[in-house]
Amino acid sequence: MSLDLVVSELAEQLWSEESFPAANSLQAIAATDTEESSRAWNVLVEALMEGGLDVSLKSSQALAYYGASGGEDRLDEVLQVYRRALESRGEETRFAVVDGLRMILQLDPGATEKVVPVLGEALEHGFGELVEKSEEAGSVAELSRRDVWSDRSLRDVFNTLVEATDHDVEGVKQVIGDDEVAFFIDACFDKGR
């Protein structure tokens, strides 16, 4: 079977229950130096942007492996995709992106300096959506803890930022605004730090 057909078949599988093995295989093809690498990459990006939670999560994880294992250019490419995804979608995509960012931190702690600003953007988008949805809050400062912790993507952003403090405390300080400090402290205590 040619690589062209393999990518097509994997793309179909990615949108089914077999999404995890398909995402991993597409990531491996995207990392090759073949004509099909860009096609495999595009399938993963599309799945992150347009898939439901399961498909987005698997694609985000595959993109994280791609970014963490291929040098700074690949990492920058993945972070750019994550930023686009944060701008274009809601909580499920944000959750998938943050999961990918956490995976990058685990695979390559040296990437923390580049990952933390994207976590800050995820925080900003998440709080923006919460304020928009809230009938009572006109700003982040007016959100309740219950509102914030009920959004699992925001909870995940804070937990990942807590993990990032192991590698770049100053960077994390820069993305936590005055209105978010109390929520960050809650996450620190929740993580036993």
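The values are calculated or read from the model by the stated rules, or taken from the named source; none is laboratory data. Given the structure is predicted, the values throughout are model-derived calculations rather than measurements. Positions of Cβ are backbone-derived with ideal geometry, glycine not excepted, and every protein chain shown enters the neighbour counts. Protein only, heavy atoms only, side chains kept; ligands, DNA and RNA dropped before computing areas. Shrake-Rupley method; radii C 1.70, N 1.55, O 1.52, S 1.80 Å.
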Members of region 156-187 that are of a type in the set (D, E, K, R) and part of a helix (DSSP H, G or I):
156, 163, 170, 173, 178, 179, 180, 186
Residue pairs meeting the criteria (Cβ under 6 Å; at least 6 apart or on separate chains; first over 22 Å from residue 142 (Cα atoms), in region 167-179; second among the charged types (D, E, K, R)):
168/113; 171/113
Selection count, region 62-87, where residues are part of a helix (DSSP H, G or I), open to solvent by 10 Å² or more (accessible area, probe 1.4 Å) and over 22 Å from residue 124 (Cα atoms):
7
Hits in region 119-130 - residues which are surrounded by fewer than 22 Cβ atoms within 10 Å (Cβ to Cβ) and of a type in the set (A, V, I, L, M):
130
Out of 17, 12, report the one residue that is surrounded by fewer than 23 Cβ atoms within 10 Å (Cβ to Cβ), at pLDDT below 90 and not in a helix (DSSP H, G or I).
17
Search result, residues across region 143-187 that are open to solvent by 30 Å² or more (accessible area, probe 1.4 Å), of a type outside the set (S, T, N, Q) and more than 24 Å from residue 89 (Cα to Cα)
163, 166, 167, 168, 169, 170, 173, 178, 181, 182, 185, 186
I'd like the full set of residues that are open to solvent by 70 Å² or more (accessible area, probe 1.4 Å) and either among the acidic types (Asp, Glu) or in a helix (DSSP H, G or I) (or both), limited to region 89-109.
92, 106, 107
On the given criteria, is residue 137 part of a helix (DSSP H, G or I) and out of contact with any Cys (no Cβ under 8 Å at 6 or more places or on another chain)?
no
Which of the numbered conditions does residue 32 fail, given that it passes all the others? Conditions: (1) out of contact with any helix residue (DSSP H, G or I) (no Cβ under 6 Å at 6 or more places or on another chain); (2) closer than 20 Å to residue 111 by Cα; (3) among the β-branched types (Val, Ile, Thr).
(2)
Quick check, is residue 113 open to solvent by 40 Å² or more (accessible area, probe 1.4 Å) and more than 22 Å from residue 76 (Cα to Cα)?
no
Those residues of region 34-55 which are part of a helix (DSSP H, G or I) and not hydrophobic (A, V, I, L, M, F, W, C), in sequence order
36, 37, 38, 39, 42, 46, 50, 54
